[in-house]
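Input: one structure, supplied below.
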Amino acid sequence: MAGIEQSVVRPRSTALNVYELLRGEIVLGILKPLQPIREAAISERLSISRTPVREALLRLANLGLVDIYPQSGTVVAPIRVAKVRAAQLIREAVEVEVARRATRLATDADIAALKSIVEEQQFAAGRLDIRRFYELDETFHRRIFASADCLAVADELEDVKVHLNRMRFVTVNWPNRPHTILDEHGGIVSGIAARDETAVAAVMTQHLRTILQALEVIDKGQGDPVPAM
(Lines give C-alpha, C1' and ligand atoms only; values in the text may rest on other atoms or scores of the structure.)
Protein backbone atom coordinates (compact mmCIF):
# COMPACT_ATOMS: atom_id res chain seq x y z
CA MET A 1 0.00 0.00 0.00
CA ALA A 2 1.18 3.49 -0.87
CA GLY A 3 2.61 5.46 2.00
CA ILE A 4 3.23 2.36 4.12
CA GLU A 5 6.76 1.09 4.35
CA GLN A 6 6.77 -2.65 3.80
CA SER A 7 9.03 -4.81 5.93
CA VAL A 8 11.90 -6.53 4.15
CA VAL A 9 12.72 -10.13 4.97
CA ARG A 10 16.43 -10.62 4.53
CA PRO A 11 17.59 -13.98 3.22
CA ARG A 12 19.72 -16.13 5.49
CA SER A 13 23.41 -15.78 4.78
CA THR A 14 25.36 -18.68 3.35
CA ALA A 15 27.80 -18.44 6.26
CA LEU A 16 24.94 -18.87 8.76
CA ASN A 17 23.66 -21.93 6.90
CA VAL A 18 27.14 -23.46 6.91
CA TYR A 19 27.58 -22.63 10.59
CA GLU A 20 24.31 -24.31 11.57
CA LEU A 21 25.06 -27.35 9.42
CA LEU A 22 28.53 -27.89 10.92
CA ARG A 23 27.34 -27.12 14.42
CA GLY A 24 24.66 -29.79 14.10
CA GLU A 25 27.12 -32.33 12.74
CA ILE A 26 29.50 -31.68 15.64
CA VAL A 27 26.77 -31.99 18.27
CA LEU A 28 25.45 -35.21 16.72
CA GLY A 29 28.92 -36.71 16.49
CA ILE A 30 28.93 -36.89 12.69
CA LEU A 31 32.07 -34.77 12.91
CA LYS A 32 34.03 -36.34 15.73
CA PRO A 33 36.46 -34.79 18.25
CA LEU A 34 39.88 -34.01 16.74
CA GLN A 35 38.63 -34.78 13.23
CA PRO A 36 40.23 -32.38 10.71
CA ILE A 37 37.93 -29.90 8.95
CA ARG A 38 39.13 -28.62 5.60
CA GLU A 39 37.68 -25.49 4.06
CA ALA A 40 38.23 -26.75 0.54
CA ALA A 41 36.42 -30.03 1.19
CA ILE A 42 33.40 -28.28 2.70
CA SER A 43 33.31 -25.75 -0.14
CA GLU A 44 33.31 -28.55 -2.69
CA ARG A 45 30.72 -30.57 -0.79
CA LEU A 46 28.31 -27.63 -0.55
CA SER A 47 29.19 -26.07 -3.92
CA ILE A 48 29.99 -22.70 -2.39
CA SER A 49 33.03 -20.46 -2.12
CA ARG A 50 35.49 -20.78 0.76
CA THR A 51 34.65 -17.36 2.24
CA PRO A 52 31.36 -18.35 3.99
CA VAL A 53 33.00 -21.57 5.15
CA ARG A 54 35.81 -19.58 6.74
CA GLU A 55 33.29 -17.27 8.41
CA ALA A 56 31.35 -20.25 9.76
CA LEU A 57 34.50 -21.86 11.15
CA LEU A 58 35.51 -18.65 12.91
CA ARG A 59 32.10 -18.52 14.57
CA LEU A 60 32.40 -22.17 15.61
CA ALA A 61 35.84 -21.42 17.03
CA ASN A 62 34.43 -18.54 19.08
CA LEU A 63 31.87 -20.96 20.46
CA GLY A 64 34.60 -23.49 21.29
CA LEU A 65 33.42 -26.19 18.90
CA VAL A 66 36.48 -26.16 16.65
CA ASP A 67 40.14 -25.41 17.28
CA ILE A 68 41.97 -23.43 14.61
CA TYR A 69 45.75 -23.82 14.48
CA PRO A 70 47.58 -21.35 12.21
CA GLN A 71 49.70 -23.13 9.62
CA SER A 72 48.30 -26.48 10.77
CA GLY A 73 44.57 -26.43 10.09
CA THR A 74 41.25 -26.78 11.88
CA VAL A 75 39.97 -29.70 13.93
CA VAL A 76 36.79 -30.46 15.82
CA ALA A 77 37.35 -29.52 19.46
CA PRO A 78 37.31 -32.30 22.04
CA ILE A 79 34.43 -32.44 24.49
CA ARG A 80 35.76 -30.32 27.35
CA VAL A 81 34.46 -31.39 30.73
CA ALA A 82 34.75 -27.91 32.29
CA LYS A 83 32.50 -26.42 29.61
CA VAL A 84 29.97 -29.24 29.98
CA ARG A 85 29.82 -28.72 33.75
CA ALA A 86 29.33 -24.97 33.35
CA ALA A 87 26.57 -25.46 30.80
CA GLN A 88 24.83 -28.03 33.00
CA LEU A 89 24.80 -25.65 35.96
CA ILE A 90 23.34 -22.80 33.91
CA ARG A 91 20.78 -25.06 32.25
CA GLU A 92 19.60 -26.49 35.57
CA ALA A 93 19.18 -23.06 37.15
CA VAL A 94 17.10 -21.86 34.21
CA GLU A 95 15.13 -24.95 33.26
CA VAL A 96 13.97 -25.98 36.71
CA GLU A 97 12.42 -22.53 37.15
CA VAL A 98 10.88 -22.72 33.67
CA ALA A 99 9.41 -26.13 34.54
CA ARG A 100 7.85 -24.64 37.66
CA ARG A 101 6.30 -21.89 35.58
CA ALA A 102 5.07 -24.40 33.00
CA THR A 103 3.35 -26.31 35.81
CA ARG A 104 1.32 -23.20 36.55
CA LEU A 105 0.66 -22.10 32.97
CA ALA A 106 0.47 -25.23 30.81
CA THR A 107 -2.82 -25.75 29.02
CA ASP A 108 -4.47 -29.09 28.36
CA ALA A 109 -3.15 -28.84 24.80
CA ASP A 110 0.40 -28.35 26.11
CA ILE A 111 0.12 -31.40 28.34
CA ALA A 112 -1.31 -33.49 25.50
CA ALA A 113 1.58 -32.39 23.27
CA LEU A 114 4.15 -33.37 25.91
CA LYS A 115 2.55 -36.80 26.29
CA SER A 116 2.60 -37.24 22.52
CA ILE A 117 6.31 -36.39 22.36
CA VAL A 118 7.08 -38.98 25.03
CA GLU A 119 5.11 -41.57 23.06
CA GLU A 120 7.13 -40.74 19.95
CA GLN A 121 10.32 -41.11 21.99
CA GLN A 122 9.20 -44.56 23.13
CA PHE A 123 8.72 -45.54 19.51
CA ALA A 124 12.16 -44.18 18.56
CA ALA A 125 13.76 -46.05 21.47
CA GLY A 126 12.08 -49.26 20.34
CA ARG A 127 13.57 -48.81 16.88
CA LEU A 128 16.99 -47.93 18.38
CA ASP A 129 16.82 -44.66 16.47
CA ILE A 130 19.11 -42.69 18.76
CA ARG A 131 19.28 -39.61 16.57
CA ARG A 132 15.48 -39.30 16.44
CA PHE A 133 15.29 -39.98 20.17
CA TYR A 134 17.70 -37.10 20.82
CA GLU A 135 15.81 -34.76 18.49
CA LEU A 136 12.59 -35.53 20.34
CA ASP A 137 14.36 -34.88 23.63
CA GLU A 138 15.09 -31.37 22.38
CA THR A 139 11.48 -31.02 21.23
CA PHE A 140 10.19 -32.11 24.65
CA HIS A 141 12.22 -29.55 26.55
CA ARG A 142 11.44 -26.77 24.10
CA ARG A 143 7.73 -27.52 24.48
CA ILE A 144 8.08 -26.98 28.23
CA PHE A 145 9.62 -23.57 27.51
CA ALA A 146 6.72 -22.82 25.17
CA SER A 147 4.21 -23.90 27.82
CA ALA A 148 5.80 -21.42 30.22
CA ASP A 149 5.79 -18.67 27.56
CA CYS A 150 9.59 -18.67 27.70
CA LEU A 151 10.70 -19.52 24.16
CA ALA A 152 12.89 -16.42 24.08
CA VAL A 153 14.73 -17.86 27.10
CA ALA A 154 15.19 -21.16 25.27
CA ASP A 155 16.73 -19.32 22.34
CA GLU A 156 19.15 -17.46 24.61
CA LEU A 157 20.19 -20.76 26.18
CA GLU A 158 21.11 -22.46 22.89
CA ASP A 159 24.74 -21.32 22.69
CA VAL A 160 25.26 -22.12 26.37
CA LYS A 161 23.92 -25.64 25.88
CA VAL A 162 25.96 -26.56 22.83
CA HIS A 163 28.82 -28.23 24.75
CA LEU A 164 26.33 -29.98 27.00
CA ASN A 165 24.38 -31.16 23.96
CA ARG A 166 27.45 -32.92 22.56
CA MET A 167 27.72 -34.90 25.76
CA ARG A 168 23.98 -35.48 25.92
CA PHE A 169 23.92 -37.09 22.51
CA VAL A 170 26.77 -39.41 23.46
CA THR A 171 25.17 -40.52 26.73
CA VAL A 172 21.77 -41.12 25.12
CA ASN A 173 23.44 -44.13 23.51
CA TRP A 174 24.66 -45.57 26.81
CA PRO A 175 22.97 -48.77 28.07
CA ASN A 176 19.48 -48.21 29.55
CA ARG A 177 19.78 -44.42 29.25
CA PRO A 178 16.80 -44.03 26.86
CA HIS A 179 14.55 -45.88 29.31
CA THR A 180 15.69 -43.67 32.17
CA ILE A 181 15.00 -40.55 30.11
CA LEU A 182 11.53 -41.82 29.25
CA ASP A 183 10.75 -42.47 32.92
CA GLU A 184 11.96 -38.98 33.86
CA HIS A 185 10.03 -37.31 31.05
CA GLY A 186 6.92 -39.22 32.11
CA GLY A 187 7.38 -37.99 35.68
CA ILE A 188 7.72 -34.41 34.51
CA VAL A 189 4.54 -34.63 32.45
CA SER A 190 2.63 -36.25 35.31
CA GLY A 191 3.77 -33.51 37.67
CA ILE A 192 2.73 -30.77 35.27
CA ALA A 193 -0.66 -32.41 34.75
CA ALA A 194 -1.13 -32.58 38.54
CA ARG A 195 0.01 -28.96 38.93
CA ASP A 196 2.61 -30.15 41.43
CA GLU A 197 5.52 -27.69 41.18
CA THR A 198 7.55 -29.42 43.88
CA ALA A 199 7.38 -32.79 42.13
CA VAL A 200 8.17 -31.28 38.72
CA ALA A 201 11.17 -29.38 40.09
CA ALA A 202 12.50 -32.52 41.80
CA VAL A 203 12.20 -34.74 38.71
CA MET A 204 13.60 -32.06 36.40
CA THR A 205 16.58 -31.52 38.72
CA GLN A 206 17.29 -35.25 38.80
CA HIS A 207 16.85 -35.43 35.03
CA LEU A 208 19.30 -32.60 34.32
CA ARG A 209 21.92 -33.88 36.77
CA THR A 210 22.21 -37.34 35.24
CA ILE A 211 24.87 -36.03 32.87
CA LEU A 212 27.11 -35.37 35.89
CA GLN A 213 27.38 -39.11 36.50
CA ALA A 214 28.86 -39.54 33.03
CA LEU A 215 31.29 -36.71 33.68
CA GLU A 216 32.47 -38.41 36.87
CA VAL A 217 33.22 -41.54 34.86
CA ILE A 218 35.23 -39.51 32.37
CA ASP A 219 37.07 -37.58 35.09
CA LYS A 220 38.16 -40.88 36.66
CA GLY A 221 39.34 -42.18 33.31
CA GLN A 222 36.92 -45.09 33.47
CA GLY A 223 35.10 -44.45 30.24
CA ASP A 224 35.33 -43.08 26.76
CA PRO A 225 33.46 -39.77 26.39
CA VAL A 226 32.80 -40.65 22.78
CA PRO A 227 31.93 -44.36 22.52
CA ALA A 228 31.24 -45.92 19.15
CA MET A 229 27.77 -44.95 17.94
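Name the aspartates and glutamates eligible as straight-distance cross-link partners of Lys161: C-alpha to C-alpha under 13 Å, and not fewer than 8 places from it in the same chain.
Excluding near neighbours in sequence, the set is Glu92, Glu95, Glu138.
Further question on the same structure: Quick one: which residues, 5 or more positions from Thr74 or on another chain, have an amide H under 5 Å from its amide H? H modelled 1.01 Å from N in the peptide plane, none for Pro or chain starts.
Distant-sequence amide H within range of Thr74: Ile37, Tyr69.
When only C-alpha pairs under 8 Å and at least 6 residues apart count, what is the relative contact order of the chain, in percent?
Rounded, it is 23 percent for the chain.
What is the spin-label model distance, in nm, from Ala61 to Thr210 if the labels are put 7 Å beyond Cα along the C-beta direction?
Label-label distance for Ala61 and Thr210, simple model: 3.7 nm.
OK, next. Roughly how many Å² is the accessible area per residue of region 74-203, as a whole number, for a 1.4 Å probe?
45 Å²
If amide hydrogens are placed 1.01 Å from N in the peptide plane, which non-local residues have theirs closer than 5 Å to the one on Val66?
Ala61, Ala77
Here is a follow-up. Can you send over the carbon and sulfur percentage of the accessible area for the chain, probe radius 1.4 Å, protein chains only?
Of the solvent-accessible surface of the chain, carbon and sulfur hold 53 percent.
Next question, about the same structure. Please report the net charge: other residues with Cβ closer than 11 Å to the Cβ of Ser49, K and R +1, D and E -1.
It works out to a net charge of -1.
Also, quick follow-up: Rounded to the nearest 20 Debye, what is the dipole magnitude of the chain about its Cα centre when Lys and Arg each give +1 and Asp and Glu each give -1 at the C-beta?
Once rounded to the nearest 20, the dipole reads 580 debye.
Could you give the dipole magnitude of region 22-78 about its Cα centre, charging the beta-carbon of Lys and Arg +1 and that of Asp and Glu -1, in debye to the nearest 20?
40 debye
Using helices alone, I'd like the mean residue ellipticity at 222 nm for the chain: each DSSP H run of four-plus residues gives -39500 (n - 2.57), total over residue count, nearest 500.
Mean residue ellipticity, 222 nm, calculated: -23500 deg cm²/dmol.
The values are calculated or read from the model by the stated rules, or taken from the named source; none is laboratory data. Since this is a predicted model, take the numbers as computed values, not measurements. Cβ sites come from the backbone with ideal geometry, for glycine too, and all protein chains shown count toward neighbours. These area figures cover heavy atoms from the full protein model, side chains too; ligands, DNA and RNA do not enter into them. Shrake-Rupley method; radii C 1.70, N 1.55, O 1.52, S 1.80 Å.
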